[in-house]
Amino acid sequence: MQILYVKYLSVHVCVGGASRETGLISACKVRRISFASTPWRISWFYFAAIGKIQIVTVKMSNHQQLDDGMFWRIVGRLEAGQSQVQICREFNLTSSVMCNLWKQFQDTGSIERKLGQGRPRATMTTEDCYLSIIVRRNRGATASHLSRDLYAATETRVSRVTVSKRLHETGLFARRPAVCVPLTSTNRRVRLAWCREHRDWSMDQWATVLFTDESRFNLNTDSRRTFIWREPGTRYLPSNVREIDHYGGGGLMVWAGIMGAVGPEFLLIDDNARPHRALLVDEFLESEDIRRMDWPARSPDLNPIEHVWDALGRAVATRNPPPRTIQEMKTALLNEWDQLPQEMINCLISSMKSRCKACISVRGDHTPY
């Protein structure tokens with residue numbers, strides 16, 4: 001039921017949150033009307049017979065929204081002899097809430113809300129533990145597969161939604177796995193030894209290191225990192241569609257390097273790829289008196305230039321219009337590379353000490369960088 005207060009002269013009526021124009025009526029008194037929550041036609045006909053009125057939202061408080069302080073103030077006024085109608089209007093309560101509150105206080109002497117029984121839990125504690133154990137053994141198992149495994153083991157049938165809720169309670173959530181290069185035991189041992197050797201290097205020492213790497217930039221990339229602003233239901237409008245051909249378009253292979261302080265003396269770091277170990281390259285570096293620094297294989301997380309590639313790719317992907325040809329891609333890469341702030345590069349290089357510590361803490365395994 002909804003309780004409506006129709007006040008003549010300056011009329012205020014609550015009808016499910018709707019709103020209408022204000023009107024004046026000569027009579028000046030208050031009338032209360034109650035009806036079911038759905039008969040809109042009846043209510044509008046009734047109000048049309050009265051005249052112009054204003055419809056305003058009146059949120060009625062229920063038992064859950066009242067705090068203890070308000071409860072005791074209401075009880076105190078009832079004990080003082082104030083009528084329930086006056087209290088309902090003052091605190092914006094329904095008569096049913098007021099009656100239940102007063103009856104509960106008279107029967108129990110308390111105003112604490114009784115907790116309902118609710119629907120019985122579909123799984124027991126041992127079954128929740130079983131779900132947690134099997135999902136830690138098989139991280140890639142789906143909720144439907146876990147539901148079938150639980151039924152096969154305990155004959156308890158639950159939905160995949162229930163399985164997800166039980167795993168959420170234990171702190172397990174479905175997320176995309178991190179993608180990293182494979183590491184062997186030798187790779188981990190070499191990475192750990194290299195980080196221990198360089199963990200105490202100062203920022204001045206890291207600033208003289210030239211971090212190099214190569215990366216490929218394609219004209220038609222399937223990267224899902226770029227977002228657009230659109231209205232709901234307009235996903236396939238021409239302005240919101242990005243056309244990509246996964247089997248063509250070409251691209252560019254880019255080789256570059258970053259360092260904190262440019263000078264004649266520096267150490268060169270590469271990723272140990274076979275082209276960098278060619279005899280021709282060794283002879284050139286020796287002729288130019290360029291020293292090469294040892295670098296552990298399969299360690300892109302230790303090279304700060306990887307984050308520069310990511311920033312460069314994002315900058316090129318957000319260009320409007322995007323590059324359509326190889327020459328446009330080359331021009332875009334050069335322009336965006338020149339606009340990369342040196343402060344960002346210095347910040348990345350200064351993270352080398354933290355990268356070494358992170359690698360040491362996981363014994364040469366993958367790091368969050």
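Summary of computed values
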quantity: Where a residue in the range 71-86 is at negative phi and in a helix (DSSP H, G or I) and its partner, wherever it lies, is surrounded by 10 or more Cβ atoms within 10 Å (Cβ to Cβ) and of a type in the set (V, I, T), with Cβ under 8 Å and at least six apart; calculated: F71/I111; W72/I111; I74/I87; V75/I111; R77/I87; L78/I87
quantity: Residue identified as among the small types (G, A, S) and in contact (Cβ under 8 Å) with a residue 60 or more places away in the chain among A311, A315, A297; calculated: A297
quantity: The range 160-174, subset among the small types (G, A, S) and not in a helix (DSSP H, G or I), residue most open to solvent (accessible area, probe 1.4 Å); calculated: A174
quantity: Pair list, Cβ < 9 Å and 6+ apart or interchain, from the range 160-186 residues that are in contact (Cβ under 8 Å) with a residue 60 or more places away in the chain to residues that are open to solvent by less than 50 Å² (accessible area, probe 1.4 Å) and basic (K, R); calculated: L183/R191
quantity: Residues satisfying the stated conditions in the range 332-362, i.e. open to solvent by 60 Å² or more (accessible area, probe 1.4 Å) and not in a loop (DSSP other than H, G, I, E, B); calculated: L334, N335, W337, D338, Q342, E343, C347, K353, K357, S361
quantity: Filter result (surrounded by fewer than 16 Cβ atoms within 10 Å (Cβ to Cβ) and part of a helix (DSSP H, G or I)) within the range 317-331; calculated: I326, Q327, E328, K330, T331
quantity: Residues of the range 87-105 satisfying the condition of being outside any helix (DSSP H, G or I) and among the hydroxyl-bearing types (S, T, Y); calculated: T94
quantity: Lone qualifier among D365, D289 - being in a loop (DSSP other than H, G, I, E, B), open to solvent by less than 60 Å² (accessible area, probe 1.4 Å) and of a type in the set (D, E, K, R); calculated: D365
quantity: Qualifying residue in the range 80-89 (condition: under 36 Å from the mean Cα position of the chain (by Cα) and of a type in the set (G, A, S)); calculated: no
quantity: E197 being at pLDDT below 95 and either open to solvent by 30 Å² or more (accessible area, probe 1.4 Å) or among the aliphatic types (A, V, I, L, M) (or both); calculated: no
quantity: Breaking point among (1) in contact with a strand residue (DSSP E or B) (Cβ under 8 Å, 6 or more places away or on another chain); (2) surrounded by 10 or more Cβ atoms within 10 Å (Cβ to Cβ), for L183; calculated: (1)
quantity: Failed item in (1) closer than 30 Å to I228 by Cα; (2) within 30 Å of the chain's Cα centre (by Cα); (3) touching a residue at least 40 places away in the same chain (Cβ under 8 Å), with K330 passing the rest; calculated: (2)
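The rows are residues; the columns are (1) modelled with pLDDT of 80 or more; (2) open to solvent by less than 50 Å² (accessible area, probe 1.4 Å); (3) over 30 Å from Y151 (Cα atoms); (4) among the acidic types (D, E).
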{"residue": "Q86", "(1), (2), (3), (4)": "yes, no, yes, no"}
{"residue": "S96", "(1), (2), (3), (4)": "yes, no, yes, no"}
{"residue": "G109", "(1), (2), (3), (4)": "no, yes, yes, no"}
{"residue": "R113", "(1), (2), (3), (4)": "no, no, yes, no"}
{"residue": "P120", "(1), (2), (3), (4)": "yes, no, no, no"}
{"residue": "T123", "(1), (2), (3), (4)": "yes, yes, no, no"}
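The values are calculated or read from the model by the stated rules, or taken from the named source; none is laboratory data. Predicted model, so just to flag it, every value in this text is computed and none were measured. Heads up, the Cβs are rebuilt from the backbone with ideal geometry, glycines too, and the neighbour counts pull from every protein chain shown. Calculation scope for accessible area: heavy atoms of the full protein, side chains included, ligands and nucleic acids excluded. Shrake-Rupley method; radii C 1.70, N 1.55, O 1.52, S 1.80 Å.
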